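The numbers here are math on the coordinates, done by the rules we state, and not lab data. Remember, predicted model here, so these are calculated numbers, not experimental data. Backbone-built Cβ (ideal geometry, glycine too); neighbour counts: all protein chains shown.
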Amino acid sequence: MLTGKTALITGGSRGIGKAIALKLASQGSQIAIVYAGNDTAALQTVAECEKFGVKAKAYKCDVSDFGAVKETVAQIKGDMGRIDVLVNSAGITRDKLIAMMNEPDFDSVVSVNLKGTFNMIKHCAPIFIRQRGGRIINISSVSGIMGNAGQANYSASKAGIIGLTKATARELAPRGITCNAIAPGFIKTDMTEGLGDNQEILAAIPLKRMGQPEEVAELAAFLAGDGASYITGEVVRIDGGMAM
């Protein structure tokens, strides 16, 4: 259980981030949702978290903006009193073949997915260090492990998250802080809407189905809990066997 803890979850208004927020709330954690722009979805997630009897609040922030992240983390710390778990789930796609991909397509994806993850770790790390403990969970992707045609920008950003995870784990382990990555495969979210009936995709997944956000949330909850206190620097695939 996570009673008395506070979890900060980026991209927490929908998809995998929302599922993680609800799961951690069900285990007693206070929830701080960081979202980019959908006020209605963010407030809906907050309301659903509050049904578990925990404090929850939403914060609008562009995670690629270093200064904005610094201010938001400070505000969350002030409102919640502490931050114990950081889940970096914010992510965007701008899928195109390399021949058609322009510079903004590449830069925007790397800025949100990779730099946004760095920004959050950078500003939460001092809090964790002072507390002599913390859990960092970064949402990578199997695209960052095996690559995916049409996703050079996304694959690069998610591969970068894996390297960032391992370096962070080594640096912060002496302070009792763990840092792990989750690498989902095809999960049923807004981002993959319309792919569920794609037989070519399903044929590439040994379990022959797409995953559910709640399955990723179960893994995140494990990594956030006491049972994972001796696991750090790990990349855990949850992909139905696609990248094995």
With the 8 Å Cα cutoff and a minimum separation of six or more residues, the stretch 6-238 has a relative contact order in percent of 20
Gain upon complete extension [Leu43, Arg94; 0.36 nm per residue less C-alpha separation]: 15.7 nm
Hey, can you grab everything whose amide H is under 5 Å from the amide H of Val87? Only 5+ residues off in sequence or another chain; H modelled, so Pro and N-termini drop out. Leu8, Ile9, Thr10, Ile137
Charge context of Val85, other residues only, Cβ under 14 angstrom, K/R +1, D/E -1: +3
Could you work out the relative contact order of the stretch 147-244, using alpha carbon pairs under 8 angstrom and six or more residues apart, expressed as a whole percent? 36
Scan the chain and report its longest stretch carrying no trypsin sites (Lys or Arg not before Pro) that are both in a DSSP loop and have at most 15 other Cβ atoms within 10 Å. 133-207
Length gained when the stretch Asp65-Gln199 is fully extended (0.36 nm per residue, less Cα-Cα span): 44.3 nm
Estimated distance in nm for a label pair at Glu214 and Arg170, the labels positioned 7 Å out from Cα along Cα-to-Cβ: 4.0
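Which whole number in µm²/s is D for the stretch 6-238 by Stokes-Einstein, with the Kirkwood Rh taken over Cα pairs at 20 °C and 1.002 mPa s?
121
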At R0 = 45 Å the Cβ-Cβ FRET efficiency linking Ala243 and Gln75, nearest 0.05, sits at 0.75
5 Å is the cut-off here: which amide hydrogens, built 1.01 Å from N in the peptide plane, fall below it relative to Ile31, excluding neighbours closer than 5 in sequence? Ala7, Lys55, Ala56, Lys57
Cross-link reach list, lysines versus Lys70, counting only Cα pairs under 24 Å and skipping chain neighbours closer than eight places: Lys5, Lys18, Lys55, Lys57, Lys60, Lys115, Lys122, Lys158, Lys166
Based on the inverse mean of 1/r over its pairs of different Cα atoms, what is the Kirkwood hydrodynamic radius of the stretch 117-225, in Å? 15.3
